[in-house]
Amino acid sequence: MANDNDVDKFIKGDGLDSEREKTIGQHIGYRYDVNLLPDYERLTPFLKNYLEFMGWDDLNWLEDIHMGYEDGRPAVFDRNINGWVGIPTDVELPDNQQDRDMMARELLIKFQMSPKHPMVQLNKAYRKF
């Protein structure tokens, strides 16, 4: 592994620097690329209210949520179900990646709070109390 002062250490090494990266086995991109940090000027009204309600100063667990694509369709990855959630076809995507990422965060939260989320069905099926 390259030393910490080597600018090419992520090219020469495995790219896993922090203990968290080593634990999860993947690189946390926004730790190294400021372009991946959310632009808080672009928060949707829903996300502003969500942050205020939660009492957070930042996007916390949502920072690494980005608009992706599955089978050529816009989608956001939901770690809870370990799968992609497709963006409805009638939703118009913004031209800016930051705005698309904010939309993805909002849609993910709304999906996770929805009675249609698979975790709700699992809770009903397996809840002990």
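The values are calculated or read from the model by the stated rules, or taken from the named source; none is laboratory data. What you see is a predicted model; the values in this text were computed from it and never measured. Using ideal geometry, Cβ is built from the backbone for each residue, glycine included, and neighbour counts are taken over all protein chains shown. When the accessible area is computed, the model is the full protein with side chains, heavy atoms only, and any ligands, DNA or RNA have been set aside. Shrake-Rupley method; radii C 1.70, N 1.55, O 1.52, S 1.80 Å.
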Where trypsin sites (Lys or Arg not before Pro) fall in DSSP loop in segment 81-129, at most 14 other Cβ within 10 Å: LYS116, ARG127, LYS128
Summed side-chain charge close to LEU51 - residues other than LEU51 whose Cβ falls under 10 Å, Lys, Arg +1, Asp, Glu -1: -2
Amide H within-cut-off set for ILE87, under 5 Å, with H built and near neighbours excluded: ALA75, VAL76
Estimated FRET transfer efficiency when R0 is 22 angstrom, pair LEU122-PHE53 (beta carbons, to 0.05): 0.30
Rounded to the nearest 10 Å², the accessible area of LEU43 at probe 1.4 Å: 20
With DNA, RNA and ligands ignored, accessible area of GLU70 (1.4 Å probe; Å², nearest 10): 80
Chymotrypsin sites (Phe, Trp or Tyr not before Pro) within segment 46-118: DSSP coil, no more than 14 neighbouring Cβ in 10 Å: TRP56
Under the Karplus curve 6.51 cos²θ - 1.76 cosθ + 1.60, θ = phi - 60°, whole-Hz ³J(HN,Hα) for segment 84-91, x wherever Gly or Pro sits: 8, 10, x, 7, x, 5, 7, 7
